[in-house]
């Protein structure tokens, strides 16, 4: 499985997931930059993602939703805050209404860095999420974000090999 480590630090309000993929950085980057490819691996298998808008460029907003087993939709917004093409991107991730795209009141917001580096012919990815409060971090942990993110990331090697 690609995920090699999951670390939650309540003091720094972070979740850090490290993974290694059997594909070069360029291929992994291409997958994250292309909404049709990204929706093949973003979200656990039980909650596949649909990307409505996605352009990996600073200042852009990505709109997506995940669909649950009973057809329920869970919306999200990424505000892209930085892009170092082929190496990393940063964004704020927030819950949103999947119909109006209004940010969901009272839900945690995370600041995220997805970084990629070449290792042994493959890619090491580090996914870091920082929450504004310990309560926000606990809220997403209670929702199963660690398990869901791990399931999602563990799909990537299979997709890239296809």
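Summed over region 77-99, the residues that are within 18 Å of residue 34 (Cβ to Cβ), touching a strand residue (DSSP E or B) at 6+ places or on another chain (Cβ under 7 Å) and in a strand (DSSP E or B) give a count of 6. Each residue in region 152-162 was checked for being touching a residue at least 12 places away in the same chain (Cβ under 8 Å) and either surrounded by fewer than 17 Cβ atoms within 10 Å (Cβ to Cβ) or not in a helix (DSSP H, G or I) (or both), and 4 of them qualify. Within region 111-137, the set of residues being surrounded by 14 or more Cβ atoms within 10 Å (Cβ to Cβ) and without any contact (Cβ under 8 Å) to a residue 40 or more places away in the chain comprises 111, 112, 113, 115.
Of the set (1) in contact with a helix residue (DSSP H, G or I) (Cβ under 7 Å, 6 or more places away or on another chain); (2) farther than 18 Å from residue 88 by Cα; (3) not in a strand (DSSP E or B), all apply to residue 51 but (3).
The condition of being assigned to a strand (DSSP E or B) and within 17 Å of residue 161 (Cβ to Cβ) holds for only one of 26, 30, 20, that being 20. Of the numbered criteria (1) more than 20 Å from residue 109 (Cα to Cα); (2) more than 15 Å from the chain's Cα centre (by Cα); (3) touching a residue at least 60 places away in the same chain (Cβ under 8 Å), the one residue 19 fails is (2).
Rule-based calculations on the coordinates, nothing more; no lab input. None of these values were measured; they are calculated from a predicted model. Neighbour counts are summed over all protein chains in view; Cβ atoms, including those assigned to glycine, are modelled from backbone coordinates with ideal geometry.
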